[in-house]
Structures are given as structure tokens and as C-alpha cells.
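Q: Handing you a structure now.
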Amino acid sequence: MNPAMSVVVFTTLCGAAQGLVVTLAVLVLGDVLPFDDRCVSFGLALAEAMLVVSLAVSFMHLGRPERAWRAVMMWRTSWLSREVIVLPLFIAVVALWWLTVRAQYWFGLVPLAAVLASLLLWYCTAMVYICIRFLQEWSHPLTLVNYTLIGLSSGLILTGALAATTGPDGLSATLAPWALFVTLIAWCTRALSLRRNRTLRPKSTLQSAIGVRARQIQQKSMGMSAGSFNTREFFHRASRAGLKNIKWGFLALGFAIPSLLLVAILLTHMASLWLAAFLLQYVGLLGERWFFFAQARHPQNLYYQVVS
């Protein structure tokens with residue numbers, strides 16, 4: 001598939017905001033942070049800004065953005081419609097929580113509602129891709145696992161960066177082992193999905209693509225003499241070497257280097273490493289999400305892209 005950068009930015013930025021909100025909610029509900037702590041207030045304001053920006057970015061890949069409201073009309077059958085409904089709901093819950101913090105009014109159900117809304121949003125986002133059965137690389141429970149764990153990892157690291165500057169003493173040290181643990185688990189599950197996708201065999205063949213039963217078929221042309229929607233939107237046009245470099249790049253920046261920085265934080269307690277870990281990881285996650293979309297092999301590419 002040809003990844004849309006607006007979707008890449010939307011899913012990574014929104015996922016980090018979800019992880020940030022979930023982490024803050026767990027800290028507040030676990031009585032690690034007081035509900036009126038400035039770290040909570042600033043963290044919620046940052047998460048709200050990230051969510052609004054990600055929502056705005058998601059409009060960029062629409063041909064007619066003014067008709068985006070119609071996406072909610074298919075909520076009975078479309079996971080995309082459900083995602084479109086849940087995202088503004090999550091934004092509203094985060095805004096309500098921030099207002100209660102600013103008013104110093106404790107209402108424990110709001111952080112819990114934020115956690116539930118975040119989990120529901122992860123589920124809807126992942127199901128948008130899992131439900132596409134003919135794209136085998138997406139249609140697997142690991143898609144949901146990876147979206148959730150990667151979002152939690154980036155959210156934990158971002159919370160650690162906030163705690164190092166605005167949080168109470170010792171909070172960043174408390175978060176470091178959990179951030180390391182979730183990042184390592186996310187690394188393992190993403191590696192499992194890469195291994196699975198590497199061994200997949202396309203269910204469609206040249207024979208099934210054109211409806212010919214002959215055993216040996218040689219493709220001499222791309223299916224079209226010029227570019228079209230099919231040749232632009234369903235193939236990334238990157239070389240195999242380029243895909244390999246992107247894969248190793250996001251594994252290093254998204255998981256390996258942040259894990260090493262988190263180990264360094266545990267050993268040295270250097271607050272500046274938190275921000276470096278988040279920024280490097282986010283760059284890596286942009287590559288990870290691009291690779292996630294690009295790795296999916298649409299059956300139509302058998303006819304429109306591959307040339308013998």
C-alpha cells in the first residue's frame with residue numbers, strides 16, 4: 001500500500017496522546033499523583049493539543065474535507081465511522097478532566113472514563129485495518145496489540161519527560177522501569193508481527209487475478225500504459241533495499257535506542273534523557289507506521305505493479 005503521511009502522523013501522535021492520558025489516569029487513580037498536581041494539568045493540556053492536532057492532520061488525506069462529517073453515518077457497519085465518533089468523544093473527556101483539575105474538583109470517574117475511551121479508540125483504530133481480510137499483514141490480532149503497546153510506550157516516555165520537569169521528586173524514577181518494560185514488550189510484539197508477515201504467502205495469484213487457469217503465466221506489462229489511481233494508491237514504490245533500511249531504522253529508533261536511554265535513566269537519573277528518548281522514539285515510530293502501511297500487499301498489485 002502507499003502510506004498517506006497524514007494517517008502516519010495521525011496514528012502516531014494520537015497514540016502517544018492516548019498513552020499519556022492513560023499513564024496520568026493510572027497515576028492519579030493509584031494515588032501516586034494528587035489530582036490537582038501541575039504535572040497532571042500540564043500533561044492533560046499537552047494531550048489535548050496533540051489530539052486536536054492529530055484530528056486536524058487526519059483531514060489532510062481527504063479529497064473533500066468539508067464532507068468529513070458523513071463518515072459517522074455508517075457507524076453500524078464501519079469501524080472507520082466508529083473511530084470518527086470515538087475520537088471526538090475522547091477529546092471531550094480529556095477536556096472535561098482538565099477542567100475538573102483546573103477547578104480543583106475531584107471526580108474519580110473522569111480519569112476512569114478517559115482510560116476506557118482511550119482503550120476503545122485504540123480498538124476502533126486497529127479494527128479499521130484488522131477487518132480488511134484480504135490484506136493479511138493487517139488482518140491479525142497483533143495489529144491491535146502493537147497499536148496499544150506502542151502508544152503506551154510513547155505515552156509513558158512522554159509522561160516521564162513531563163515528570164522530570166514538572167512532576168514531584170522521584171516520579172520519573174518510578175516511571176522509568178515501567179516505560180522500559182512496556183517498550184521492550186512492544187518491541188517483542190512488533191518483531192513477532194514482522195516475522196509473521198515475512199512468512200506470509202499471497203492467497204491471490206496471477207491466475208486468480210485475471211481469471212485464467214493456465215499453470216504458467218508470464219506478465220509482460222504493468223496492466224496500464226500510464227499511471228492511474230490503482231498504480232498510485234496501492235503501491236509505495238520503494239525499493240526492497242529502501243524497505244529494509246526503514247525497517248532496521250524504526251527498530252533502532254523506535255525501540256532499541258529508547259530502551260538504552262531508559263536503562264541510562266535508571267542508572268544515572270539524568271532528566272534530559274527523557275526528552276531525547278521521546279523525540280528519537282517518535283521519529284522511529286513514524287517509520288514504523290509508514291512501514292506498517294507499506295508492507296501490506298494489495299492483491300491488485302499482482303496485475304498492476306509486478307512486471308516479469
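The values are calculated or read from the model by the stated rules, or taken from the named source; none is laboratory data. What you see is a predicted model; the values in this text were computed from it and never measured. Cβ sites come from the backbone with ideal geometry, for glycine too, and all protein chains shown count toward neighbours. The area values use the complete protein model at the heavy-atom level, side chains included, leaving out ligands, DNA and RNA. Shrake-Rupley method; radii C 1.70, N 1.55, O 1.52, S 1.80 Å.
Q: Evaluate region 22-35: report whether one residue or more is of a type in the set (D, E, K, R) and open to solvent by 60 Å² or more (accessible area, probe 1.4 Å).
A: Scanning region 22-35 turns up at least one residue that is of a type in the set (D, E, K, R) and open to solvent by 60 Å² or more (accessible area, probe 1.4 Å).
Q: Looking only at region 152-197, count every residue that is out of contact with any helix residue (DSSP H, G or I) (no Cβ under 9 Å at 6 or more places or on another chain) and more than 30 Å from SER272 (Cβ to Cβ) and tell me the total.
A: Residues in region 152-197 being out of contact with any helix residue (DSSP H, G or I) (no Cβ under 9 Å at 6 or more places or on another chain) and more than 30 Å from SER272 (Cβ to Cβ): 1 in total.
Q: Output yes when any residue across region 282-303 is of a type in the set (Ser, Thr, Tyr), at pLDDT below 95 and open to solvent by less than 50 Å² (accessible area, probe 1.4 Å), and no when none is.
A: The answer is no; no qualifying residue exists.
Q: Let me ask something else about it. Which one of ARG232, ARG190 is assigned to a helix (DSSP H, G or I), at pLDDT 95 or above and of a type in the set (Lys, Arg)?
A: Just a single option satisfies the conditions, and that option is ARG190.
Q: Right, something else. Residues in region 36-51 that are under 18 Å from the mean Cα position of the chain (by Cα) and surrounded by 15 or more Cβ atoms within 10 Å (Cβ to Cβ): how many?
A: Matching residues across region 36-51 total 5.
Q: Checking the conditions here, which among ALA214, ALA252 is at pLDDT 75 or above, within 26 Å of GLN136 (Cα to Cα) and part of a helix (DSSP H, G or I)?
A: It is ALA252.
Q: Out of curiosity, is MET1 in contact (Cβ under 8 Å) with a residue 60 or more places away in the chain and either open to solvent by 30 Å² or more (accessible area, probe 1.4 Å) or touching a Gly at 6+ places or on another chain (Cβ under 8 Å) (or both)?
A: Criteria met by MET1.
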